[in-house]
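The values are calculated or read from the model by the stated rules, or taken from the named source; none is laboratory data. The model shown is predicted, which means the values in this text are computed figures rather than measured ones. As a convention, Cβ positions derive from the backbone with ideal geometry for all residues, glycine included, and neighbour counts pool all protein chains shown. To get the accessible areas, we keep the full protein, side chains included, count just its heavy atoms, and leave off ligands, DNA and RNA. Shrake-Rupley method; radii C 1.70, N 1.55, O 1.52, S 1.80 Å.
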Amino acid sequence: MTPAPARNLKCESLVEPLGVDTSTPRLSWRVEGSRRGDRPTGYHVLVASAAEPALTGIGDFWDSGPLEAGTLPLVEYQGEPLRSCARYFWRVRWRDGDGILSPWSPVASFVTGFLAAGEWKPRWVSRKDIREFTARGNVTLGEARSPSPQAHAIYLRRDFPAREKAVLALAFVSGLGCCEFRLNGGKVGDRVLDPGWTDYRKRALYSTYDVTGLLRPENAAAVILGNGRHVKDYGYGPPMLACRIEVEYESGDRDIIASDESWRTSHGPLRENGLYFGERYDARLEMPGWDLPGFDASDWTRAVTVQGPPAVSQMMPPVRVTETLKPEKSWSPAPGVRVFDFGRNLSGWVRLSVQGPRDAEVRLRHAELVDEAGGLNVAPNENAEAADLYVLKGGGPEAYEPRFTYHGFRYAELTADPDTVALGDIEARFVHSDVAVSGSFRCSDPLIDRIHRNVLQGQLSNLMSIPTDCPQRDERHGWLGDAHLAAEEAVFNFDMAAFFVKYLEDIRLAVRDDGSLPDVVPPYLPRLYPADPAWSSAYPTILWLCYEHYGDTRLLARHLPYVKRYLDFLGRAAEGHIIRTLGKYGDWCPPGSIVPKKTPVELTSTWYYYHDVLLLGRISRALGRNEEARSCDRLAAEIGAAFNAAFLGEDQYAAHRMSRIDTYPDQTSNALPLFLDMVPLDKKDRVLGNLLRSVARIQDYHVDTGILGTSILLDVLCRGGFAEAAFRVVTRRSYPGWGYMIEEGATTLWERWEKLTGNAMNSHNHIMLGSVDAWFYRTIAGLSPLEPGWKRILVKPTPMGTLTSAEATLETVAGRVRSSWARSEASVWLEATIPAGAEARICVPLPGPESAVLESGKPVFPEAEAAARTLGLVPLGKDGDWAVFDAGSGRFAFEARAGAGPDGL
Ligand code: BGC
């Protein structure tokens, strides 16, 4: 049978990317085998400068010839030197295990940006007389404190001709803090809040647009600039623009239209704007035709050149509006005031359509909560005013949605004169980094499914070109702790490859010469150097996760020296391998407190030091640096010994005295060392027993952990053989737990285990407790990578509690991976899908001690080795409650029957 063509072609982990700025981009694709044990035995890639040759089988830039199958998941381009600002077409075919060639895949393309460092030295421009607002005087919104100084939005434009028909016209645009790029009267593309956030001292990101089809003989390039994060508070200047339009004509001639002092600037209808503050849009000040060619901009002022950072390509999924939600309900708590409930907590804004007289105003405020009288409770927004104002121009229906702000909300309050202003559609727009969905999970327990959905909603609300902590209050920062605790769940659920490549670069650029990292990246708050080690662990943790899930070795090599520098910093900070000085937050937000009350911060700091040294060892080993890896292992052993000497008592870590005679086992302090196997063998059972005592007896099957302990507690219980306890904890509906949040109406996850509604740290859309979702995938559905890039896969579901079924499907870099199980009293059925070329260890849960296992209806366990081998399985015997097999690719259907004889009957 002819193998199916490869699918899902990507370049640098992105589909059809524009602005590729490496001269050796990596290409990747997926194949599907047609039979069990199938594996690709070779590939053939063609890269061409025109779609035609790629279609006819000629790769004028690269004809790879036979490529070994082992080169996946990322195949480095090795053809003729690529040109900047050019489009390339490519396709691939593959050879299956029988040596049969697939047809060519469909043609994919990528467009290069500027390949050589410094090839585009952008000239940044801005406006001379920036209108700033600093005080409440000219800000009429909200009751909260005044926002930090911001500028009114800046409008820039210039006309340019196109001399003849263009074959390729590319626009490279970066506007700090955020910008909207328009050409000939319309917005180009669907990016919002663009470009992604970075430390603007180091770099800005440019977005690449293909505008070939938009060019006319006379053109107008136009940009609106907002403040975003490019604000004085963070040490940056007023908004500024870097733009370059490269036009290649049919004749081969080229034109370059770049930002310079020939651009004209003005203020316009969009005035005050700030991420936290909101927007003030005065439609009376609109300038019809300002973005069309021929507009008379003679009374606009010339742009001025300003200093700016280097620009690099934004090679990540953009922030977009991904969903539009109608309100589920609305009510009027006071005359002229309407509150809309959009049904779930989200990041974004409200789009409105209204009709009314000129000068009429519509005010919008946003909140996660309402009070008992149905009014907005804006207290959790803290100093974020989160309010938008629209002033009508009158004369017909008008539509408005913000551009340069976003809010975290479920409820929006609209205030307008009910006698004169008629409301049309009022809709919520869900806005976040538009990462592709790559995983799905569901099970028979509705509460677990509900937690999963809340995690997804919370995760997406907290991807805004960086991982954020929350979308509603005046933070929304890249808190590294929150980022790494959610990262594993994120890579299961979404294709985070390109997103994290960008974020790891943000982290790398934040490593100071002394090796220290801040708690928040990009480091907008420099006072946050040096970080709590439990936060800065994000660097090696996310790096290693990316390697495990996406198999990207180049990424490891790029970051290794900086991870080392960071760990040297920790090493210097440690005293006798114990880190006593750097901890600030530790096991943050345990029940009843923001700060950890039971878990010593020195314990969590030192544990993360140990954890990160282990990871550095693995990273070094993956890069073939075995001597360095061994020295990391030695250092880890020393840290582990010091950790035990410092924190391990008779039979538990960091015991807390409850009374004179009894001590109180702390869940986090005991779970962390168990998780990394640090506990001396002779004490392991007692430590585990104490942990269980806390979970089961003292806390009645509730978590008593902050964000750090929560991320590993359920794993530790399951590995220790207490899956039933883990199940009870996760399905609790009483305080504290995920189920309690849901009982209390949560549609995302909270920052605190408590339901708090005041003006304090109690966001209702935090993602750091979302780490539980990774455990759903790994333990309930049973999927995890055993080798980087999912080349070897573990399928090991754990039926537990009252669960009767679960399933997860993952689009991994190796192909589609699936685990789906169901059980009755006497049987367990497991279906597993392993992609072509990958291998798996499949652990089939046994319903009882004397169980037999069938696959495709044939007995394979126990004592059925020969039969198993004919089905492509190598039986490895029993391990606890599972029958274990090694397998190649394919789809497997197991059935385990209790009390069955060796023939399976
Ligand atoms: C953030 C957290 C963060 C913490 C660190 C908070 O304000 O919202 O999620 O990790 O500070 O202390």
Any idea how many residues of segment 478-496 are within 14 Å of the ligand (Cβ to nearest atom) and either of a type in the set (Gly, Ala, Ser) or surrounded by fewer than 24 Cβ atoms within 10 Å (Cβ to Cβ) (or both)? 5
Pick from segment 515-532, criterion more than 13 Å from the ligand (Cβ to nearest atom) and within 14 Å of Tyr609 (Cβ to Cβ), ranking: nearest to the chain's Cα centre (by Cα): Leu517
Say we look at segment 735-794 and pick out the residues that are within 14 Å of the ligand (Cβ to nearest atom) and among the polar types (S, T, N, Q); which of these is surrounded by the fewest Cβ atoms within 10 Å (Cβ to Cβ)? Asn759
Run down Glu323, Glu413 and say which single residue is part of a strand (DSSP E or B), open to solvent by 10 Å² or more (accessible area, probe 1.4 Å) and closer than 30 Å to Tyr209 by Cα. Glu323
Residues of segment 240-275 satisfying the condition of being surrounded by 24 or more Cβ atoms within 10 Å (Cβ to Cβ) and modelled with pLDDT under 95: Glu272, Asn273, Gly274, Leu275
Of the residues that make up segment 291-299, is at least one open to solvent by 50 Å² or more (accessible area, probe 1.4 Å) and among the small types (Gly, Ala, Ser)? yes
Subset of segment 634-656, residues in contact with a helix residue (DSSP H, G or I) (Cβ under 6 Å, 6 or more places away or on another chain) and either exposed (fewer than 15 other Cβ atoms within 10 Å of the Cβ) or of a type in the set (A, V, I, L, M) (or both), comes to Leu635, Ala636, Ile639, Ala654
Within segment 838-886, how many residues turn out to be surrounded by 18 or more Cβ atoms within 10 Å (Cβ to Cβ) and polar (S, T, N, Q)? 1
When you go through Asp666, Asp633 one by one, which is the residue that is more than 16 Å from the ligand (Cβ to nearest atom) and without any contact (Cβ under 8 Å) to a residue 40 or more places away in the chain? Asp633
Restrict the check to segment 569-580 and report whether at least one residue is among the acidic types (Asp, Glu) and open to solvent by 50 Å² or more (accessible area, probe 1.4 Å). yes
In segment 589-604, residues that are assigned to a helix (DSSP H, G or I) and within 14 Å of the ligand (Cβ to nearest atom) total 2
Count of segment 379-400 residues which are open to solvent by 30 Å² or more (accessible area, probe 1.4 Å) and at pLDDT 95 or above: 4
Taking Val695 as the residue in question, decide whether it is closer than 28 Å to Ala641 by Cβ and assigned to a helix (DSSP H, G or I). yes
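Condition check ((1) closer than 21 Å to Val601 by Cα; (2) out of contact with any Gly (no Cβ under 7 Å at 6 or more places or on another chain)) across all residues:
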site: Gly649; (1), (2): yes, yes
site: Ala655; (1), (2): yes, no
site: Pro665; (1), (2): yes, yes
site: Ala671; (1), (2): yes, no
site: Lys684; (1), (2): no, yes
site: Gly689; (1), (2): no, yes
site: Leu692; (1), (2): no, yes
site: Ile698; (1), (2): no, yes
Single unsatisfied condition, His549 versus (1) crowded, with 24+ Cβ neighbours inside 10 Å; (2) free of Cβ contacts under 8 Å to residues at least 12 places away in the same chain: (2)
Test Asp474 against the stated conditions and say whether it is open to solvent by 10 Å² or more (accessible area, probe 1.4 Å), touching a residue at least 24 places away in the same chain (Cβ under 8 Å) and within 14 Å of the ligand (Cβ to nearest atom). yes
